[in-house]
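Here is the structure we will look at, set down as C-alpha cells.
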Amino acid sequence: MRPFSVTVPESVDEAVEALARWGSEARVIAGGTDLVVELKEDRRSPAVLVDISRLHELREIRVEKRAGARGEDEAESVGESDVVWVGALATHAEVASSPLVRAAAPLLADACAHVGSPQIRGRGTIGGNMCTASPAGDVIPPLFALEASVDVAGPRGVRSVGVESFFVGPKRSALAPDEIVLGVRFRAHGPEHVSFFRKLGQRKSLAISVVSVAFAARRLGPDTFEDARVAFGAVAPTVVRARTVEKALDGKRLDAATARHISRLAFRDVMPITDIRGSQAYRQEMACNLLYEGLLGLLSGNAE
Amino acid sequence: METARDKAAKDGPQDEFSIVRHRAKRVDAVEKVTGRAKFGADLYFDGMLHARMLRARFPHARIIRIDASEARKVPGVVAVITHEDIPGARTFGPVKRDMPVLAFDKTRYLGDGVAMIVATSLEAADKALELVRVEYDELPAVFSPEEALAEGAPVLHDHAPGNIVNHHKVRKGDVDAGFAASDVVTEREYRTQFIEHAYIEPEAAVAVPNPGEGSVTVYGSIQNPFTARRVVAEVLGVSLNKVRVIQCAMGGSFGGKDDIMSCMCARVALAALKTGRPVKMVNTREESIVEGYKRHPYVLKYKVGATRDGKLQAMEIRILADGGAYASMTPFVTWRSVVQATGPYEVPNVKTDVYGVYTNNTYAGAMRGFGSPQIIFAHESLMDELAAELGMDPLDLRLKNGFRPGSVTATGQALDDHAVSLVEVMQKAADAIGYREKRKAYSEAARRAGTKKVRGVGLAASYRGVSLGGEGVDATGAIVSVQQDGSVYVYAGLAENGQGLRTIFSQIAAEELGCNLEDVVFMDTDTSLIPDGGPTVASRSTTMGGNAVRDAARKVRETLLAVAGEMLGTSCEALKASGGRIFVDGDPGRSLSFGEVARAAYNRGELMAAFGWYKGPKVWWDEEHGQGRAYFTYVYGCQAAEVEVDTETGKVRVLKVAAAHDVGRAINPATVEGQIYGGVAMGMGYGLLEEVEMARGVTRTRNFDEYLIATSMDVPEVIPIVVENPDPYGPYGAKTIGEPTCELLAPAIANAVCHATGRRIRELPLDLEKVLLGRSLKAARGKRGSEQA
Ligand SMILES: Cc1cc2nc3c(=O)[nH]c(=O)nc-3n(C[C@H](O)[C@H](O)[C@H](O)COP(=O)(O)OP(=O)(O)OC[C@H]3O[C@@H](n4cnc5c(N)ncnc54)[C@H](O)[C@@H]3O)c2cc1C
C-alpha cells in the first residue's frame, strides 16, 4: 500500500470539487470493503482518498415521489409506482432490513442480505457495489430488474443515468473520474408484482456469486406473468438482461415443463467466461437452472 | 501383560478425579478473548528493524548473480542479506537437509527466498525489494509427480536424480495368490489436492541479539521451538546454547509452523546478528500461502480383491505423493501413509508402495492428519465401491473385515495390548446418524424420479497410530515447580499450539498435586529452561507430555505429603490431596491447605520442584520388508455424514455429522469436543471446498477470497461421541484426538453424495462442478495452464 492523504468533504459539492481538483490522483472511499483490498494489493494507488462518509443525506432510504394522494399517517408506507430512492451510502445491512425496501423491492433487500458476511454488510454500501461494477456484484441484477436509474453528481451538475447504461464493462462504469453516485431510484412494486433474487456460491456465507439472477414481473393469473425482467450476474462482462427469456415469458401460462423450456433460452442471453469460480459451461447451465428454480417457486401449488 | 482395563482399575474409578475428566475452562481463554495475548507480530523492541523477503521469479532457475547495490542505497535500508552472509549451514531440513535458508545455486519453487532486505521501515524495505537485480537462467520444470518421474525429466536436486524423495513399502503375504482367491477384484484411482493450513495468524518472528558473542533470542509463532533452535544454531554456526527460542501465543498451526518457521527464525537471527539490532519479519497472507508448505496431493491407485461373501483377500496399492520442491516431512508423512494405507481392515495379502516425489510446486509437509486424510479418502471410498460391486451394505462390509482385538495389521503388528474399538465407534456413529434407516429410506426416495434435492448418508472409519511411531525417538519432559505459597509453575517441552495443551497439562498437574487449577500457571515454552522433548506433532502431546507432567507432579506430591504427614502426625500413605487441601483419607477434618503445606516444605528446605520424563514404549520398523510394530498404540474413529445434494446446481449441504472417536480417556471432555468440532469443519473443507490451485508452479489461490474454508454458516450440526477405553500407556488412559477428527469426513461425504446421486467422485474436493458435471473446474481452465479444454 502506498501512502495517501484523506479528505473528508462535508457536502456533495465539496466532494465533487475535491475530485475535480485532484483528478485521477483521487479516489472516493465509502465503506472501503472493495477499495482497501485494491489499495493493499497496489492495484490502485491514489494520492488522495475522498471519504464521503459524512454526506449523511446519501445514507437515506425514502419514498421520493408519491404516485397518488395519501394521508399523513401513510407517510411511512409505500404504494405501487411510488418512486423509491436509496442513497449510495446505504449499507447492505440497512437496505436488507429497511421495511420500505422490503415492501417496495424485496429482491433488492434479498440481494443485500446475501452479500458477504455481517461485517461486510455493515460497512459495504450499495454505491460502492455499483461503482466497483463487478459483473458478480449482487446489488446490480436487482437494479436491472427494477429498471432503476442512477443519480450522479459532477462539476456539471446532477444527471440521471439508466442502470443499463451505467455499466459499460467488467469493473467499468459510465462514471467520470470527477463524479460521484448519489443514489438510485426505481418504481415500487405493488401487490401484483412478483420477484426473486437467487445467487449460487460455493458456500453459504462470504461467497462471491458464481451466478446470480434477479427476476421481476407482474402477475396476470396464477401461472401467467407479463412485463418480466430477468437479469443475470457473473455470466457476461456486465450484468445482463435476458431479453429472449423475457419475451418468451410474456403472457405465457407456465408449468414446470414450459418453465424449464423458457429458462433454457437463457443460453442465448448469457456469455460467461471460465474463471477461478466457475467454468463457462457450468455457469451457462446454472443460469438456466437458477432461473428455473426461481420460476418454479412462483407457480401455483409449487411453492418450495 | 497388564491390560488396559487392569490399568484403568488401578488408576481408580473416574469419579475419583477432581480435575482431570472435568470440563475445565481453557486457562488461556480470557487473555485470548480480551486480545491481551501476545502473538509474534505484537512484539516490539527498541531499535527494531523490519525484514522483507525477495522471492524467486521462476519456479526452477539457476541463480547467476544477485546485485543489491541499488537496493542498499535506499534510505532506511540497513542491510541486504543473501546466502553469502550465512556463516554456518546454508541448508536445513528435518530429514534431508535440502532446503536453502536463502537460495544460492537454484530456485526450486516460487516461495524460495533469494534476498532479505532489512530496513528501518517496511516502506523502505518494500522499495528496496524492487531494486534487487537477480540474474537467472530459467530451467525446465516439473509440476506433477507423473511429470517428475517421466524419463528425461528435469532434475531438481543432484542427490535425487530420479526426483524421488523416498519410497516406502509394505509387503505381507502374496497378493497374486490373494487376487486369485478373490471372486471380485476392483481397481480404482483417487486423487487429492494441495491443502493450506489456513491458520488465522500468518508467520511472524523477531530475533534479538544478546550481549554474548553470536548469541540470539528468537520469539515467534513457532510450533516446535527445539527444531527452530537447532536450525538457527546450525545456520549461524553456533552451539545450541547460544540460541534461545521462546514461543509466543500461537494463532494456529495445524502442523504448518514447523519448517517455514525454522527458516524464518534463521533468517531474522542472521539479520539480527549482522545488524546488531532486533529484527522482525511478518508474512502477509499472500506470502504465507505462497511460501508455506501444504498437505500433499496424492494420486492413489488401489486394487482390492474379496470373496463373494465380502471377505477381503488382497490389496495392492501404489501412491505418488507430490512433495514439491523440498523433502521436508515427506518421508515421514508417506511413512504413516504406507503403514495405514489398507485402513482398519484385516487383509491377509498386501503390497503397498508409496513414493514421495520432488516437483517445482510449493513443497508439502506436515499438516494435521499427516499422510492419513489422503489414504482414508481412497480406502474408504473403495470400501463403498467394493460393497456396491458385492451388493453389500458398506457398513456390513466394514464390520465383516474391521479390526477386532488381536487382529494383525498390514505391517504384521498384533493389536493385542489395547482396546480395539473399531466396531464400537462404527456402530455408535452409525446409530447416531440413523444410518441403517436412512440408507434404506433415501435409496427408495431416490428411485422416485423428479426430486430436485436428494439425500444420502455415508460413513468412513480409520485407525491411527499414536505419536511418532517408527519415525524416531519418542520422549519428552516437564517441570513442575511449587512455590512457597502453593502456586505452581508447569514447564513442558511440548508447546501450546492453540490446541489447549496449557489447559490439559495444568489439569494433570493440579490433579496429581491436589491443588486447584487456578493455582497452576503454564509457562510459554523456552528452550533455555527445559530439555528438548521433541516436536509438538503427531497428536502426541497429551499422551507423551501428559505422562511427563504426571511424573513430575507425582514426585513433588511425595515431598509435600511427607511434610503434611509430619504436620498431621500420620503416615503419608494415609493422606489424600485434592481440591486445594491435603487431608487424612476418611477423616477430612484433619487437613491442611495446599498453601500451608507448601510454606512448611519451603521452610524446611525441601525441594519442591521435579523433573518428569516419559519415554514412549518400544516400536520397530523393518524398512526392507515393510513390516513392524509401527506404533505403540492406536485410536479408532468413525464419522458418518448426512448430506443433501441439489441436483440443479451440484451444491452439497452437509446436514449432520456424527463423529465417534475413542480417545482412551478424555482429560477434558470440552476440549475433546472442541477438537472434534474443529476437525469436522476442516474435514468438511477438505471434502467440499478447499484447494490450493497451482498452475505451473504459480499459486492462484493466495487469499481467503479464493481459497475457501468452511464458514460457521456451512458447518453442520455435529454430534460428538467420545468413546473411552483407557489405554495402558497414556496418562489416565488418554490417547489422541487432534488429528483423527479431520481425516474422516471427506470420504464420508463422498460416500453420502454417491448414495444420494449414484455418482462416485474420486477426486477432492467435491465442488459444485464435480458434483453436477462430474468433472473438475480446473480441467475446464487448463490444469497445466496451457492445455485449455
Ligand atoms: C470479504 C468480502 C466479501 C464480499 N462479498 C460480497 C458479496 O457477496 N457480494 C458482492 O456483491 N460484493 C461483495 N464484496 C464486495 C464489496 O463488499 C461490495 O461491493 C460493497 O458493496 C462495496 O461497497 P463499499 O462501500 O465498501 O465500497 P468502497 O470499497 O468504499 O468503494 C468501491 C469502489 O466504488 C467507488 N465508490 C464508492 N462509493 C462511491 C460513490 N458514492 N460514488 C462514486 N464512487 C464510489 C470507490 O472509489 C471504489 O472504487 C465483498 C467484499 C469483501 C471484502
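The values are calculated or read from the model by the stated rules, or taken from the named source; none is laboratory data. Everything numeric here is computed off the predicted structure, so don't read it as measured data. Every residue, glycine among them, receives a Cβ derived from its backbone with ideal geometry; neighbour counts consider all protein chains shown. Heavy atoms of the whole protein, side chains included, go into the accessibility calculation; ligands, DNA and RNA do not. Shrake-Rupley method; radii C 1.70, N 1.55, O 1.52, S 1.80 Å.
For region A:147-292, what is Rg from Cα atoms divided by 2.2 N^0.38 Å, rounded to two decimals?
1.15
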- prompt: Where does region B:17-99 land on the Kirkwood hydrodynamic radius, alpha-carbon pairs, in angstrom?
  reply: 18.7 Å
query: Beyond 28 Å, what share of the Cα-Cα pairs of chain A remains, rounded to the nearest whole percent?
result: 39 percent
- line: Distance in Å, no decimals, from the C-alpha centre of region B:36-101 to the one of region B:290-353 is 37 Å
statement: One quarter of the C-alpha convex hull surface, i.e. the mean projected area of region B:337-482 in nm², amounts to 15.2 nm²
Stretchable slack from residue B:16 to residue B:775, in nm (0.36 nm times residue separation minus alpha-carbon distance): 267.6 nm
statement: At the level of C-alpha centres, the distance separating region B:605-637 and region B:485-551, in angstrom, is 18 Å
message: Taking 51 Å as R0, compute the FRET efficiency from the Cβ-Cβ separation of residue B:604 and residue B:159 and round it to 0.05.
response: 0.25
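So what's the projected area for region B:247-400, the Cα convex hull averaged over all directions, in nm²?
For region B:247-400, averaging the hull's shadow over all directions gives 11.5 nm².
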- prompt: How much solvent-accessible surface does residue B:754 expose, in Å² to the nearest 10, with a 1.4 Å probe and all protein chains in place?
  reply: 30 Å²
message: With 21 Å as the cut-off, how large is the P(r) tail for region A:86-163, expressed as percent of Cα-Cα pairs?
response: 22 percent
field: Built amide H within the under 5 Å cut-off of residue B:632, gap 5+
entry: B:466, B:469
message: Once you keep just the Cα pairs under 8 angstrom separated by 6 or more residues, what percentage relative contact order results for region B:281-328?
response: 33 percent
field: By accessible area with a 1.4 Å probe, ligands and nucleic acids excluded, highest first: order of A:27, B:502
entry: A:27, B:502
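As a quick test, which of the pairs B:96/B:169; B:169/B:301; A:247/B:453; B:615/B:735; B:303/B:428 have an alpha carbon distance above 23 angstrom in this structure?
The answer is A:247/B:453; B:303/B:428.
Got a sec? What order do B:438, A:247, B:96, B:770 fall in by accessible area at 1.4 Å, biggest, i.e. largest, first? Before the final figure, lay out the partial values.
Numbers: B:438 45, A:247 160, B:96 70, B:770 5 Å².
Heavy-atom accessible area, descending, gives A:247, B:96, B:438, B:770.
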- request: Mind giving me the FRET efficiency for residue B:526 and residue A:205? R0 is 25 Å, r the Cβ-Cβ distance, nearest 0.05 is fine.
  value: 0.05
- request: Could you do me a favour and compute the accessible area per residue for region B:695-735, 1.4 Å probe, result in Å²?
  value: 37 Å²
field: At least 50 Å² of accessible area lost relative to the chain alone, listed for region B:741-770 with a 1.4 Å probe
entry: B:768, B:769
- prompt: lysines within cross-link reach of residue B:770: Cα-Cα under 16 Å, excluding same-chain residues under 8 positions apart?
  reply: B:651, B:778, B:783
query: What accessible area, in Å² to the nearest ten, does a 1.4 Å probe give for residue B:174?
result: 70 Å²
message: Please give me, ordered by residue number, the chymotrypsin sites (Phe, Trp or Tyr not before Pro) of region B:611-718 that lie in loop per DSSP and have at most 12 other Cβ atoms within 10 Å.
response: B:620
- request: Taking 7 Å along the Cα-to-C-beta vector as the label spot, tell me the residue B:200-residue A:168 distance in nanometres, rounded to one decimal.
  value: 4.4 nm
query: Are there any helices in chain B, counted as whole DSSP H runs, that stretch 20 Å or more along their axis by Cα and score at least 0.0 on average by Kyte-Doolittle, and if so which?
result: B:259-275, B:372-390, B:546-568, B:669-684
query: Using a 1.4 Å probe on the protein chains only, how many percent of the accessible area of region A:157-197 belongs to carbon and sulfur?
result: 54 percent
- request: Along Cα→Cβ, 7 Å out, is where each label goes; now give me the distance between the ones at residue A:54 and residue B:700 in nm to one decimal.
  value: 4.6 nm
In Å, descending, principal axis extents of the Cα set of region B:425-500: 74, 37, 23
message: What is the percent carbon and sulfur in the accessible area of region A:1-60, measuring with a 1.4 Å probe over the protein chains and ignoring ligands?
response: 48 percent
- prompt: Regarding region B:157-196, what is the average projected area of its C-alpha convex hull, in nm²?
  reply: 5.7 nm²
task: Considering Cα pairs under 8 angstrom that are at least six residues apart, work out the relative contact order of chain B and quote it in whole percent.
output: 16 percent
- request: Report the residues of region B:696-715 in range of a label on residue A:275: point 7 Å along Cα→C-beta, backbone N strictly under 17 Å from it.
  value: B:700-708
message: I need the per residue convex hull volume for region A:5-51, using only the alpha carbons, in cubic angstrom as a whole number.
response: 62 Å³
- request: Mind putting together the pair-distance distribution for region A:124-203? All Cα pairs, 5 Å bins, whole percent per bin, short to long.
  value: 3, 14, 25, 24, 16, 10, 6, 2, 0
- line: For residue A:40, the aspartates and glutamates lying under 12 Å Cα to Cα, once residues fewer than eight places off in the same chain are dropped, come out as B:286
field: Diffusion coefficient, µm² s⁻¹, Stokes-Einstein with Kirkwood Rh over alpha-carbon pairs of region A:14-139 at 10 °C and 1.306 mPa s
entry: 100 µm²/s
Dipole-positive endmost among B:122, A:271, B:56 within the protein assembly as shown (Cβ charges, Cα centre): A:271
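So if each residue of separation counts as 0.36 nm, and I subtract the Cα-Cα distance between residue B:186 and residue B:554, what length gain in nm does that give?
Difference between extended and current length: 127.0 nm.
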Virtual paramagnetic centre 7 Å along Cα→Cβ of residue B:444, amide N under 14 Å, in region B:733-769: none
task: With label points built 7 Å along Cα→Cβ from the Cα atoms of residue B:73 and residue A:2, find their separation and express it in nm.
output: 2.1 nm
message: For peptide A:273-286, what's the mean number of Cβ atoms from other chains within 10 Å of each residue's Cβ?
response: 5
query: Want the number for residue B:431 to residue B:285: 0.36 nm per residue separation, take away the alpha-carbon distance, what's left?
result: 48.4 nm
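When only DSSP loop residues count, what trypsin sites (Lys or Arg not before Pro) in region B:303-384 have their Cβ near at most 11 other Cβ atoms within 10 Å? Please list the in-between numbers first.
Numbers: sites: B:303, B:308, B:311, B:318, B:336, B:351, B:368; in loops: B:308, B:311, B:368.
Sites meeting the loop and neighbour criteria: B:308.
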- prompt: Tell me which lysines have Cα within less than 16 Å of residue B:274's Cα, excluding those fewer than 8 residues away on the same chain?
  reply: B:242
task: Please give the solvent-accessible surface of residue B:436 in Å², to the nearest 10, using a probe radius of 1.4 Å with every protein chain present.
output: 110 Å²
- line: Here the alpha-carbon Rg of region B:576-723 over 2.2 N^0.38 Å rounds to 1.74
query: Taking one equal scatterer on every alpha-carbon of the protein assembly as shown, how large is log10 of I(q)/I(0) by Debye at q = 0.05 1/Å?
result: -0.38
message: Whole percent per 5 Å bin, from 0 to the bin with the longest distance: what is P(r) over all C-alpha pairs of region B:654-789?
response: 2, 10, 16, 17, 16, 13, 10, 7, 5, 3, 1, 0
- request: For region B:284-379, build the charge dipole from Cβ charges (+1 Lys, Arg; -1 Asp, Glu) around the Cα centre, then report which of B:339, B:297, B:314 sits farthest towards its positive end.
  value: B:314
statement: For B:708, B:395, the accessible-area ranking with a 1.4 Å probe, largest leading, is B:708, B:395
- prompt: What is the magnitude of the charge dipole of the protein assembly as shown about its Cα centre, with +1 placed on the Cβ of each Lys and Arg, -1 on the Cβ of each Asp and Glu, and no other charges, expressed in debye to the nearest 20?
  reply: 1200 debye
query: At each listed q (0.13, 0.22, 0.25 Å⁻¹), what is the log10 of I(q)/I(0) that the Debye formula gives for region B:318-414 modelled as equal alpha-carbon point scatterers?
result: -0.52, -1.10, -1.26
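Would you kindly work out the equivalent ellipsoid of chain B from its C-alpha gyration tensor and give its semi-axes, the square roots of five times the eigenvalues, largest first in whole Å?
Numbers: eigenvalues 332, 302, 103 Å².
Taking √(5λ) for each Cα gyration eigenvalue gives 41, 39, 23 Å.
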query: Over chain A, what is the mean sequence separation of C-alpha contacts under 8 Å (at least six apart), divided by residue count, expressed as relative contact order in percent?
result: 14 percent
query: Lys/Arg Cβ at +1, Asp/Glu Cβ at -1, dipole of region B:361-461 taken about the Cα centre: which of B:459, B:407, B:374 is farthest positive-ward?
result: B:459
- prompt: Can you pull the percent of Cα pairs in region B:92-167 with separation above 15 Å?
  reply: 66 percent
